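J.: Below is one structure. I have some questions about it.
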Amino acid sequence: MENPVIVEKDGIKIKPENMIVDKMYYCIYDNKVYIFYKDEENLTHCYEVDDPVVVQEIIDNPDNLEDILLKHSKE
């Protein structure tokens, strides 16, 4: 299946029809991390992370995205 989040030079393109419900997808664009997911009602949600420390931690450990977000949400 095609990746639902695509970063291009002029921005981010998402294809919600290719997203799995309740799975997080992310990309890095303009020194920020963007997180997308589709819920059970087929609504697509987007969150932006612009804290440089958190962004760098996600870049360094992309497989630990959920743990990193959880850790920083408690601070």
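J.: Looking at segment 7-22, which of the residues that are of a type outside the set (Val, Ile, Thr) and in contact (Cβ under 8 Å) with a residue 24 or more places away in the chain is most open to solvent (accessible area, probe 1.4 Å)?
T.: Pro16
J.: Give the residues of segment 23-38 that are open to solvent by 90 Å² or more (accessible area, probe 1.4 Å) and within 15 Å of Pro4 (Cβ to Cβ), sorted by residue number. Show your work before the answer.
T.: The first filter runs over segment 23-38 and keeps only residues open to solvent by 90 Å² or more (accessible area, probe 1.4 Å), leaving 23, 30-31.
Residue satisfying the conditions is Lys23 alone.
J.: Just give me the residues in segment 30-45 being at pLDDT 95 or above and of a type in the set (Phe, Trp, Tyr), in sequence order.
T.: Tyr34, Phe36
J.: Quick test for you: out of Glu41, Glu66, Glu57, Glu2, pick the one residue that is open to solvent by less than 70 Å² (accessible area, probe 1.4 Å), not β-branched (Val, Ile, Thr) and not in a strand (DSSP E or B).
T.: Only one candidate qualifies: Glu57.
J.: Being closer than 17 Å to Ser73 by Cβ and either in contact with a helix residue (DSSP H, G or I) (Cβ under 6 Å, 6 or more places away or on another chain) or among the aromatic types (Phe, Trp, Tyr) (or both) narrows it down to one residue among Glu57, Glu48, Glu2; which is it?
T.: Only one candidate passes the filter, namely Glu57.
The values are calculated or read from the model by the stated rules, or taken from the named source; none is laboratory data. Quantities reported herein were computed from a predicted structural model and do not represent experimental measurements. Glycine also receives a Cβ, built like all others from the backbone with ideal geometry; neighbour counts cover every protein chain displayed. Ligands, DNA and RNA are stripped out before the accessible areas are found, and what is left, the full protein with its side chains, is counted by its heavy atoms. Shrake-Rupley method; radii C 1.70, N 1.55, O 1.52, S 1.80 Å.
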